[in-house]
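Enquirer: Sharing a structure, written as structure tokens. Questions coming.
The values are calculated or read from the model by the stated rules, or taken from the named source; none is laboratory data. Please read all numbers here as calculations on a predicted model, not as lab measurements. Methodologically, a virtual Cβ is constructed for each residue, glycine included, from the backbone with ideal geometry; neighbour enumeration extends over all protein chains shown. Areas reflect the complete protein model, heavy atoms only, side chains present, ligands, DNA and RNA absent. Shrake-Rupley method; radii C 1.70, N 1.55, O 1.52, S 1.80 Å.
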Amino acid sequence: LTLINKSEPLPVNTHDEGDPSGEDLRLKYRYLDLRRPSMQQTLRRRAEYYRFMRRYMDEHDFIEVTTPILANSSPEGARDFLVPSRLHPGKFYALPQAPQQFKQLLMVGGIPRYYQIAPCFRDEDPRADRLYGDFYQLDCEMAFVDDGEVVRQTLEPLIKQLVTEFSGKELVSNDVPRIPYREAMEKYGTDKPDLRYSLEMVDLTEALKNVEFKVFQAPCVKAIRVPGGASFTRKQIDEFTDLARKNGAGGLAYIVFGDGEAKGPVVKFLKDEELKAVREKTGAEDGDAVFFGADEREKVNKVLGAVRIAFADTLGLKDDNKVALCWIVDFPFYEWDDGANKLDFGHNPFSLPKGGLKAIRETENKLDIVADQYDMVMNGYEVCSGAVRNYNPEIMYEVFGVLGYDQEYVAKKFGGMLNAFKFGAPPHAGCAFGIDRMFMVLEGLKNIRDIVAFPKNGSGVDLMMNSPSAVDDNQLEEAHLAIIEDEE
């Protein structure tokens, strides 16, 4: 034997067997954690995953083009990472939240179909399904497309193939449904419904309009039938109730059906015909439970949407060997920002409102304006967002004008795009798939940090490289920056 190098005692377990090391310790010594066979396999699978996607895009005549990392600040819905300019004091680059403006400029430049596996940077709080700081997306755009269905039909086969051929999982349905945003909110209480199970909300407002029970004398009454819900324990029902309260409900009314009878705290307040209506409308059978929400419609949707997911977890309805896909379409173009007490863009200003200028000018309630915008959902995770783009300067000025911004503001923020559009931009549309999150689902993992070689921890800190960190005074001076100390 020849000793090439020597090692100190290993601070983390480098095998999949035995007691696992804690996540912070694993991330601090990530170069050792990567020795685990499962991590080696994950990185090999990820490389294969990239090859699979690139092969499909190349076969469908998409051209891979890289776009700048040092760019301008752009409203994509999250905070920018800013980079101070040494050569231009007081000015900043922004790391791109997405290559949105550049890929639209490529359409003006005559690129018929563009794609790239693009790094994106967003200063958002980390979650189990969202990396902090930087992540990757399969970004694509198609010229001379004015209908989002063209994009969906072009890219949908790729995702189906990733599910069945790459991951070996089963598609719940080969026909991927298109669900309007408002319908998704009414049925599932979320625009990211997990369709591996149904548990749809049923509107009982009309059926119970004359009920004497005060709780049900609300603008909206809905219910979820839970097959087999009669088996829930008192403790489980208390947990569901606590979850409902955390989402703004006063409680969680329920009825259990069995042996032809209805039982539960609210049964005594309902007449026989009202109980019959509940049973018929929800389709409840013996052994089922029906849970109610009663309040303003938006709050009811939120509450029942949250407990719907909890029901599925408790009953084990989330089969990781199956994948359910759907497209959520027709998102609201504008939304109401409670914090700022004003209208704002629903997603971003780059989408084209359905109906164009006419819709913007003639729709009295601006919240009724719909964008040709779409998301793909995979097992309850949003894995794609896309839209038909706004390629008309006049419409761009108009949609910002609704929010009180003048043409000067728009020209200052989006001058590059507006100038390009003046030279005849083709209609175009596209989307971007969050390939980290999608890979996590396809591999059956629960934490997105497990599929990245060098992730930051749950607080956005790189424990291995000690980042973020302080920099030298001379570096700050070169960047024309100064640190302002907190008074505390």
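Enquirer: Name the residue that is surrounded by the most Cβ atoms within 10 Å (Cβ to Cβ), counting only residues in the stretch 110-130 that are part of a loop (DSSP other than H, G, I, E, B) and modelled with pLDDT of 90 or more.
Expert: Step by step, filter the stretch 110-130, then rank; the result is ILE111.
Okay, residues lined up against (1) at pLDDT below 95; (2) of a type outside the set (Gly, Ala, Ser); (3) open to solvent by less than 60 Å² (accessible area, probe 1.4 Å):
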{"residue": "PRO157", "(1), (2), (3)": "no, yes, yes"}
{"residue": "GLU165", "(1), (2), (3)": "no, yes, no"}
{"residue": "LEU171", "(1), (2), (3)": "no, yes, yes"}
{"residue": "ASP175", "(1), (2), (3)": "no, yes, no"}
{"residue": "GLU183", "(1), (2), (3)": "no, yes, no"}
{"residue": "LYS187", "(1), (2), (3)": "no, yes, no"}
{"residue": "LEU195", "(1), (2), (3)": "no, yes, yes"}
{"residue": "SER198", "(1), (2), (3)": "yes, no, no"}
{"residue": "LEU204", "(1), (2), (3)": "no, yes, yes"}
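Enquirer: If we scan the stretch 183-204, do we find a residue that is within 19 Å of the chain's Cα centre (by Cα), over 24 Å from ILE448 (Cα atoms) and part of a loop (DSSP other than H, G, I, E, B)?
Expert: Looking for residues that are within 19 Å of the chain's Cα centre (by Cα), over 24 Å from ILE448 (Cα atoms) and part of a loop (DSSP other than H, G, I, E, B), one finds at least one in the stretch 183-204, hence yes.
Enquirer: Something else: Taking only the stretch 314-340 into account, find how many residues are more than 24 Å from VAL176 (Cβ to Cβ) and charged (D, E, K, R).
Expert: Counting residues in the stretch 314-340 that are more than 24 Å from VAL176 (Cβ to Cβ) and charged (D, E, K, R) gives 3.
Enquirer: Filter the stretch 433-453 down to residues that are of a type in the set (Gly, Ala, Ser) and in a loop (DSSP other than H, G, I, E, B) and give me whichever is farthest from the chain's Cα centre (by Cα).
Expert: ALA453
Enquirer: Let me ask another. For the stretch 177-225, which positions are of a type in the set (A, V, I, L, M) and touching a helix residue (DSSP H, G or I) at 6+ places or on another chain (Cβ under 7 Å)?
Expert: Passing the criteria: MET185, LEU199, MET201, VAL202, LEU204, ALA207, LEU208, VAL211, ALA223, ILE224.
Table: residues versus (1) surrounded by 13 or more Cβ atoms within 10 Å (Cβ to Cβ); (2) among the aliphatic types (A, V, I, L, M); (3) at pLDDT 90 or above; (4) over 18 Å from PHE81 (Cα atoms).
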| site | (1), (2), (3), (4) |
| --- | --- |
| PHE439 | yes, no, yes, yes |
| GLY444 | no, no, yes, yes |
| ILE448 | yes, yes, yes, yes |
| ILE451 | yes, yes, yes, yes |
| LEU463 | yes, yes, yes, yes |
| SER469 | no, no, yes, no |
| ASP472 | no, no, yes, yes |
| LEU476 | yes, yes, yes, no |
| HIS480 | yes, no, yes, no |
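Enquirer: Return the pairs, sorted by first residue and then second, in which the second residue is among the polar types (S, T, N, Q) and part of a helix (DSSP H, G or I), the first residue lies in the stretch 306-317 and is at pLDDT 95 or above, the beta carbons are less than 7 Å apart, and the residues are 6+ apart or on different chains.
Expert: So the pair list comes out as THR314/GLN236.
Enquirer: Could you please let me know if LYS299 is more than 14 Å from THR205 (Cβ to Cβ) and of a type outside the set (Phe, Trp, Tyr)?
Expert: It is false that LYS299 is more than 14 Å from THR205 (Cβ to Cβ) and of a type outside the set (Phe, Trp, Tyr).
Enquirer: Check the stretch 373-390 and report whether any residue there is at pLDDT 95 or above, outside any strand (DSSP E or B), out of contact with any Cys (no Cβ under 8 Å at 6 or more places or on another chain) and open to solvent by less than 60 Å² (accessible area, probe 1.4 Å).
Expert: Yes, the stretch 373-390 has at least one match.
Enquirer: Also: So, of the residues in the stretch 395-432 that are part of a helix (DSSP H, G or I) and among the aliphatic types (A, V, I, L, M), which turns out to be most open to solvent (accessible area, probe 1.4 Å)? Working first, answer last.
Expert: Initial filter on the stretch 395-432 (part of a helix (DSSP H, G or I)): 395-401, 407-421.
Filter once more, so that each one left must be among the aliphatic types (A, V, I, L, M): 395-396, 399, 410-411, 417-418, 420.
Details: ILE395: 15, MET396: 1, VAL399: 0, VAL410: 0, ALA411: 45, MET417: 1, LEU418: 4, ALA420: 19 Å².
Looking at residues that are part of a helix (DSSP H, G or I) and among the aliphatic types (A, V, I, L, M), I get ALA411.
Enquirer: Follow-up question, since we're still on this one. Mind counting the residues in the stretch 334-350 that are part of a loop (DSSP other than H, G, I, E, B), of a type outside the set (A, V, I, L, M, F, W, C) and buried (at least 17 other Cβ atoms within 10 Å of the Cβ)? Full working, then the answer.
Expert: Here is the first cut: in the stretch 334-350, the ones part of a loop (DSSP other than H, G, I, E, B) are 338-341, 346-350.
Pick out the ones that are also of a type outside the set (A, V, I, L, M, F, W, C) and you get 338-339, 341, 346-349.
Filter once more, so that each one left must be buried (at least 17 other Cβ atoms within 10 Å of the Cβ): 346-349.
Summing the residues that are part of a loop (DSSP other than H, G, I, E, B), of a type outside the set (A, V, I, L, M, F, W, C) and buried (at least 17 other Cβ atoms within 10 Å of the Cβ) in the stretch 334-350 gives 4.
Enquirer: For the stretch 1-109, which fully contained helices (runs of 4 or more DSSP H) count at least 3 residues that are crowded, with 18+ Cβ neighbours inside 10 Å and either under 24 Å from the mean Cα position of the chain (by Cα) or not basic (Lys, Arg) (or both)? Outline the logic, then answer.
Expert: Working: elements: 23-28, 30-33, 37-59, 100-108.
Hits in the stretch 1-109: 37-59, 100-108.
Enquirer: Counting only residues that are within 22 Å of VAL150 (Cα to Cα) and touching a Gly at 6+ places or on another chain (Cβ under 9 Å), how many does the stretch 352-374 have?
Expert: Residues that pass the stated criteria total 6.
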